[in-house]
Amino acid sequence: ADLTLTDRIRLKHILAQARQRHSDERRQEQESAATTAMRMWTQARPAAPRHPYLVVKQVGPHGIRQSGSLLLVPVTDGERLISLQTITTTGDKRFLKGGRMASGFYSIADAPRPSPLLIGEGFATVATVVEQTGCPGLVAFNAGNLLAVAQVMRRRYPETAIIITGDNDQWTPGNPGATQARAAAVAIHAKLLIPDFTGLDLSSQPTDWNDFYRLTRANQARRAA
């Protein structure tokens, strides 16, 4: 039977309450994760340059920290710590449960040049392009977050040249890394750089700029031998 006007009003009210309750719970989870992140971060020490993950990726720590054998990469909204990404010695990555990720980023600002600003996915990838170019970089953590971070940066720095240094997920249907990077670049009128692995060893199924530079270095070393 059709709902009466009173029933419709009551149902609308119940749904609004449920949405508000969910929103409140989500906010509490995010605040709890932010508190946990701050506690872990303040208790951690600067990351060891010889940490196994950094050694394999051939990049420096760039301000991240270490708790035990775990690397801690801050997730910020530009003003405060909202979560953390942990990276194990073998490269297993996790985010704090309940932490906010949308438009969260980590800034690698220890670069000699002020611009262009580079935005990429993972820590090792962005650390690599920062080291190779001398430009500052932002870690967006995943392809789905590139657009949100890019839009925040464009609003903050309307005149700054921005380059999206996307992944080339050529082994994944739809190539989400390149697709999302291109969408982010188009949305904020940024340049786009995607690694081209033509002529390199593809046995490790490389996808990002860290893979590209490590394979390129290996090629150069073989030629020099």
(request) Considering every residue within the range 49-56, establish whether at least one is modelled with pLDDT of 95 or more, of a type in the set (Lys, Arg) and more than 16 Å from the chain's Cα centre (by Cα). (result) yes
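Give the residue, chosen from Ala16, Ala33, that is open to solvent by less than 50 Å² (accessible area, probe 1.4 Å), in contact with a Leu (Cβ under 9 Å, 6 or more places away or on another chain), part of a helix (DSSP H, G or I) and farther than 30 Å from Leu215 by Cα.
Values: Ala16 fails: in contact with a Leu (Cβ under 9 Å, 6 or more places away or on another chain).
When all the criteria are applied, what remains is Ala33.
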(message) Quick check on my filter: what residues within the range 36-83 are open to solvent by 90 Å² or more (accessible area, probe 1.4 Å) and among the acidic types (Asp, Glu)?
(response) Glu79
(request) Residue by residue through the range 88-102, note down the ones that are closer than 15 Å to Val73 by Cα and either within 15 Å of the chain's Cα centre (by Cα) or outside any loop (DSSP other than H, G, I, E, B) (or both). (result) Gly91, Asp92, Lys93, Arg94, Phe95, Leu96, Gly99, Arg100, Met101
(message) Checking the condition exposed (fewer than 14 other Cβ atoms within 10 Å of the Cβ) and among the basic types (Lys, Arg), which residue from Arg94, Arg100 passes?
(response) Arg94
(message) For the range 209-216, check the following and say yes or no: at least one residue is of a type in the set (D, E, K, R) and open to solvent by 40 Å² or more (accessible area, probe 1.4 Å).
(response) yes
(request) Read through the list (1) modelled with pLDDT under 95; (2) farther than 19 Å from Asn142 by Cα, then give the number of the only condition that Arg100 fails. (result) (2)
(request) Take Ala18 and decide whether it is hydrophobic (A, V, I, L, M, F, W, C), free of Cβ contacts under 8 Å to residues at least 40 places away in the same chain, touching a strand residue (DSSP E or B) at 6+ places or on another chain (Cβ under 8 Å) and over 25 Å from Gly144 (Cα atoms). (result) no
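Okay, residues lined up against (1) assigned to a helix (DSSP H, G or I); (2) open to solvent by less than 50 Å² (accessible area, probe 1.4 Å):
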{"site": "Arg155", "(1), (2)": "yes, no"}
{"site": "Thr160", "(1), (2)": "no, yes"}
{"site": "Asn168", "(1), (2)": "no, yes"}
{"site": "Gly174", "(1), (2)": "no, no"}
{"site": "Gln180", "(1), (2)": "yes, no"}
{"site": "Ala184", "(1), (2)": "yes, yes"}
{"site": "Pro195", "(1), (2)": "no, yes"}
{"site": "Leu200", "(1), (2)": "no, yes"}
{"site": "Ser203", "(1), (2)": "no, no"}
(request) Kindly list, by first and then second residue, each pair from a residue in the range 124-135 that is at negative phi to a residue that is of a type in the set (S, T, N, Q) and buried (at least 24 other Cβ atoms within 10 Å of the Cβ), limited to pairs with Cβ atoms under 6 Å and residues at least 6 apart or on different chains. (result) Ala124/Asn210; Thr125/Asn210; Thr128/Asn210; Val129/Thr165
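Confirm whether Ala143 is closer than 27 Å to His51 by Cα and open to solvent by 10 Å² or more (accessible area, probe 1.4 Å). Quick ask: steps written out before the conclusion?
Working: closer than 27 Å to His51 by Cα: yes; open to solvent by 10 Å² or more (accessible area, probe 1.4 Å): yes.
So Ala143 passes the test.
The values are calculated or read from the model by the stated rules, or taken from the named source; none is laboratory data. Since the model is a prediction, treat every value here as computed from it, not as a measurement. All Cβ positions, glycine included, derive from the backbone under ideal geometry; neighbour counts span all protein chains shown. The protein model used for the area step is the full one, side chains on, heavy atoms only, and it has no ligands, DNA or RNA in it. Shrake-Rupley method; radii C 1.70, N 1.55, O 1.52, S 1.80 Å.
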